[in-house]
């Protein structure tokens, strides 16, 4: 009996703990959850020093967000009368409500940060570049999917922090709405769709809610799947190209049993296949890669929990159109845009362009277009693919880092140096104390 | 590298496990549990174990759907409705059985509608409203002491009067009653709109209690905290000092009067009251102002139906009434009464120097009776047409508001002025 | 396993140590996530309810007419017999519908289970699945498994009748006023 039980357990778990090399390479094909991994993977691809495991970290955060978000959907009421108070309930009365909400928020903020760092990493390693070496590979596509993922992540954050229906929420929508309104021609129509009218009310809340809990998560989930699939199609992380690929032509008849080549990159017409073999140590994905993924999962979850204990999610006063908080600040990841819209109103003789349009639409759009076009513009050699700070890309890396530094500096200015009435304060200066009622 | 992963997994797993335990510990050891176990102990000593055992545990709340309030105060203040706990210390003591408590039952009103504070909160600081992003602090003794009230606990009258705005001389509301007396005496409505009617010289005060504190100008506030309460207090003490060039005269209010007026003004807030919460009639101070109760009663009935009743019905004692009806010498007396009750004294004196408006000593000698009657009748019109009026406006800057006086009252006033001038 | 292959073979101790490590980490990780799952589940069991209390005042005794009075907001019947009151639930014990009052005049005669002739002026009939209850709440027809419960009543200090739906009482219970 015990033996039989053991056998059943073994049957269910062998893919995660293969006993032999053969089992290890089989496991990725036999287990549905593992089949998106290649059978073998280079040590460099799963090293922290190259990829910083950012994709896995993001995936962990996304999982945390999905789970906590699903629970929150049971506890949150998307109505203007109840929304704010259901958050108060989460904070004070619902068992573990404070934890679930705070963890959701911490994970969301971390996700925005890590997605941004991921973009920086991919740029600095030149991993978006196209090379002719691998058939079927077109890395720029994954860069574009990545940009889309960044936008959807920001939208998820934006729609998410509106749901508590407090002052932060209300005035964030107001500002967002007016940025949309400042766009020529289509502005009014976009605003009408976003707000569901002209005054921010129940119509708006339910729209943002449905976007936040259904449409955007579904879109981001599909994009993530595509992103993952593209990595496989591109032959793994870009670092394998840096490691060097040798082309081995093996004219062999494919046996009936399925075999999987090293990187899972197979091309050619059966029965003759051409294999590309990567130099460097390659190890079985199961259990080496799976263990590392699990480790990342566990560590990121633990870190998010620890941060949850340190940072309580804020909840401002109930939403009121009667008064605006002073200063009304967006969350930190939008502060660079808020700083931009405050500074970029252009006044030329008789012509005034609102900062909402310049800073809120033109500048981010130009940045995004540049980012999107860059893989096509970049003419640096293939040797730069998958290498940190390759010398041929020194100038563009410097410019890119400068843009990032400006964004971070703007965030810092917005977060620390802007007091009531958006006055500029030095970090060591005390903000003016705003009067209270009692 | 992979061996290290296994070790890291042990560490990471341990961390995750430990943090989960921390979370469970934090959830299961909230502050209110300590209060409840202390209370159970005290209660079993005071009211007996059998009754103490029946007390609810866990988060307890009074849910008042019609006021949209959820008050979890009673999670810690468990003794509030248990007779016999009167001698227990806060937060365990029984709610004082004040005379008006039978109209304000716990189940119908909850706690925060009167006391302020954050009903949803279950931590001491947040529940008492002493946190950022909560606009309604607990109106308790500490707050009263902060502003130097002689009866600090009575700062709560602010919330009483938010609902009882239209009732006069309500029992217990000493500060508000005092302030309402002053409002009538100084006739604030000459310059300010209160309850939708009044003059336009000063700002509309109908919902001054809702005003965003950021809109007060604190440049000239030298003492005290940067709060709306302090601003209003300082302003009542010396209007022109706080708001330079203010037309509002210094009425020489005492500190307590200024505090009372501040509380009154802060109580003027918007509030949504379902029908069953609108204060009913005849809740004037028991025993006080006998003979006027009937008037109060009928007036109250009218007010209960109207949303924001304005008219200040001056209830007159029989003596006053007979005095006004007497002819001849009575005319001067009536003029005196009009002068004192219609708010003239806010801007004018007779023989005591100029305030906002000119001293009226000798006015019957410098102006004809006809001009005076005209002026009192068509004040605003004459400010635009009459040369003397124009000149006066230039000198005193603040235009005299149009008064709602009938010709009998005007005659009486002029007669009164004349008698004053002749008296010397 | 490549990482253990420095000496070309896995020693006994290496294997047992690896297994030990995986057991510990497995315990921590599975245990941690399990606890997390349970706490998430716990959050769906509310600690406070936005519901009317189970103990409530129904009015002064003098407000009640002789006979049965249905109180829809609390789903119960208050029955007055001179100065004696009792209270029967209006929630069908079958599947929770609200039973309707069926009044009879002249009174309905029937034989009780003990064989004696009984007459009654009202009954309770459930509209959903046809359960029928006698005036004391006992079920005599339809799928209902149990009699309608009687609730405890007492007088509040202000003289109003208080019903406590948490306390069920026997058929001999009467509140005397």
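Each reported figure results from applying straightforward, stated rules to the coordinates on display, with no laboratory input. For clarity, every value in this text was computed on a predicted model and none was experimentally measured. Glycine gets a Cβ as well: all are built from the backbone with ideal geometry, and neighbour counts include every protein chain shown.
Key figures for this structure:
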item	result
Cα centroid of the range B:119-143 to Cα centroid of the range B:14-34, whole Å	25
Theoretical FRET efficiency, 1/(1+(r/R0)^6), r = Cβ-Cβ of residue A:6 and residue A:353, R0 60 Å, to 0.05	0.25
Gaussian network model of chain B, springs between alpha carbon atoms under 10 Å - residue of B:377, B:186, B:390 with greatest fluctuation	B:390
Average projected area [Cα convex hull, the protein assembly as shown], square nanometres	65.7
Whole-Å distance, taken between Cα centres, linking the range A:87-136 and the range A:279-301	20
Relative contact order (percent, whole number), chain B, Cα cutoff 8 Å, 6+ residue spacing	10
Segment residue A:138-residue A:312, extension gain: residue separation times 0.36 nm, minus the distance between their alpha carbons	58.3 nm
C-alpha center-to-center spacing [the range A:3-82, the range B:58-98] in angstrom	51
Equivalent ellipsoid dimensions for the range A:55-210 as semi-axes, Å, which come from the Cα gyration tensor, largest first	33, 23, 11
Between helix B:255-267 and chain B: long-axis angle, C-alpha atoms, 0 to 90°, nearest 10	70
Helix axis angle, A:167-181 relative to chain A longest principal axis, alpha carbon, degrees	80
Modelled label reach - residue A:49, point 7 Å along Cα→Cβ, the range A:371-402 residues with backbone N closer than 13 Å	A:388
Relative contact order (%) - criterion: Cα under 8 Å, at least six apart; region: chain C	19
Inter-site label distance for residue B:217 and residue A:406 at 7 Å from Cα along Cβ, in nm	4.1
Percentage relative contact order, chain A, counting C-alpha pairs under 8 Å, at least six apart	22
Residue C:70/residue B:86 FRET efficiency (R0 25 Å; Cβ-Cβ; nearest 0.05)	0.05
Exposure proxy order (Cβ contacts within 10 Å, fewest to most) of B:165, C:75	C:75, B:165
Two-decimal Rg/Rh across the range C:55-176, once Rg and the Kirkwood Rh are taken from alpha-carbon atoms	0.96
Ranked A:291, A:101, criterion: other C-beta atoms within 10 Å, fewest first	A:291, A:101
Per-selection Rg to Rh, chain B - Cα, Kirkwood hydrodynamic radius	1.13
Residue order, fewest to most beta carbons within 10 Å, for B:75, B:345, B:219	B:219, B:345, B:75
FRET E, pair residue C:168, residue B:93, Förster distance 41 Å, beta-carbon r, rounded to 0.05	0.75
Chain lengthening between residue B:132 and residue B:22 when straightened (0.36 nm per residue, less Cα-Cα)	36.9 nm
0 to 90° range, to nearest 10: angle between helix C:12-42 axis and chain C longest Cα axis	20
Kirkwood Rh, Cα atoms: Rg over Rh of the range B:31-138	0.97
Full-stretch length increase - residue B:377, residue B:105 - with 0.36 nm per residue and alpha-carbon distance subtracted	92.8 nm
The range B:318-423 - Rg (one decimal) and Dmax (whole number), Cα, Å	13.8, 44
Hull shadow area, averaged, chain A [alpha-carbon convex hull, nm²]	28.5
Top of A:343, A:102, A:234 by mean-square fluctuation, Gaussian network on chain A, Cα under 10 Å	A:343
